[in-house]
Amino acid sequence: MSDEWKARPDRPIEAPLLHLRLGEQLEQLREEPTWRERGRNSITLTKEPGLRLVLMLLGKGTRLSEHRAAGPLTFHVLTGSVTFRAGARVESLRAGDLIVLESTVPHEVEALEESTCLLTLAGAAQE
């Protein structure tokens, strides 16, 4: 299975105004083979110069290994709970918690239970 990002033809990611229903987006993520096969799935809700918004569905135990973002980011836990590690800091996040992280700081995430999260990447153009 390829990890290469591909736009989904049935989901617009650029428009002057997008009205998205996160519940419906999550239902669709749960129906896709990626969720069943890998225990995680995500969709880029918008991809603009300097802004990307990604909705993630993470199964219990799913880990996003250490990586860096070119620009600042926010990581908002909508449901469930995760551990967010950035350098020596380890934060336990529950539904409603939000992390703000400066650019290029190495970080990783682990879902402690099934969780939904909203990632906002800002600043430098995200490839």
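Among R68, R38, R52, R63, which is the only one that is among the basic types (K, R) and surrounded by 18 or more Cβ atoms within 10 Å (Cβ to Cβ)? Exactly one of R68, R38, R52, R63 is among the basic types (K, R) and surrounded by 18 or more Cβ atoms within 10 Å (Cβ to Cβ), namely R52.
For T46, are the conditions met, namely being surrounded by 17 or more Cβ atoms within 10 Å (Cβ to Cβ), in contact (Cβ under 8 Å) with a residue 24 or more places away in the chain and part of a strand (DSSP E or B)? It is false that T46 is surrounded by 17 or more Cβ atoms within 10 Å (Cβ to Cβ), in contact (Cβ under 8 Å) with a residue 24 or more places away in the chain and part of a strand (DSSP E or B). For the range 72-127, the tally of residues that are surrounded by 14 or more Cβ atoms within 10 Å (Cβ to Cβ), among the aliphatic types (A, V, I, L, M), more than 30 Å from E27 (Cβ to Cβ) and without any contact (Cβ under 8 Å) to a residue 40 or more places away in the chain stands at 1.
If you check L53 against the conditions, is it touching a helix residue (DSSP H, G or I) at 6+ places or on another chain (Cβ under 9 Å) and either assigned to a strand (DSSP E or B) or within 20 Å of T34 (Cβ to Cβ) (or both)? Walk me through it before giving the result.
Details: touching a helix residue (DSSP H, G or I) at 6+ places or on another chain (Cβ under 9 Å): no; either assigned to a strand (DSSP E or B) or within 20 Å of T34 (Cβ to Cβ) (or both): yes.
No: the conditions fail for L53.
Of the residues in the range 48-67, at least one is among the charged types (D, E, K, R), in contact with a Gly (Cβ under 9 Å, 6 or more places away or on another chain) and modelled with pLDDT of 95 or more.
With the condition kept exactly as written, say whether any residue in the range 98-108 is over 15 Å from the mean Cα position of the chain (by Cα), assigned to a loop (DSSP other than H, G, I, E, B) and of a type in the set (S, T, N, Q). Checked the range 98-108: at least one residue is over 15 Å from the mean Cα position of the chain (by Cα), assigned to a loop (DSSP other than H, G, I, E, B) and of a type in the set (S, T, N, Q).
For the condition in contact with a strand residue (DSSP E or B) (Cβ under 6 Å, 6 or more places away or on another chain) and in a loop (DSSP other than H, G, I, E, B), what is the one hit in E113, E66?
Numbers: E66 fails: in a loop (DSSP other than H, G, I, E, B).
Answer to the check: E113.
The values are calculated or read from the model by the stated rules, or taken from the named source; none is laboratory data. Note that the structure is predicted; figures quoted are calculated from it, not measured. All Cβ positions, even for glycine, are placed from backbone atoms using ideal geometry, and neighbour counts span all protein chains on display.
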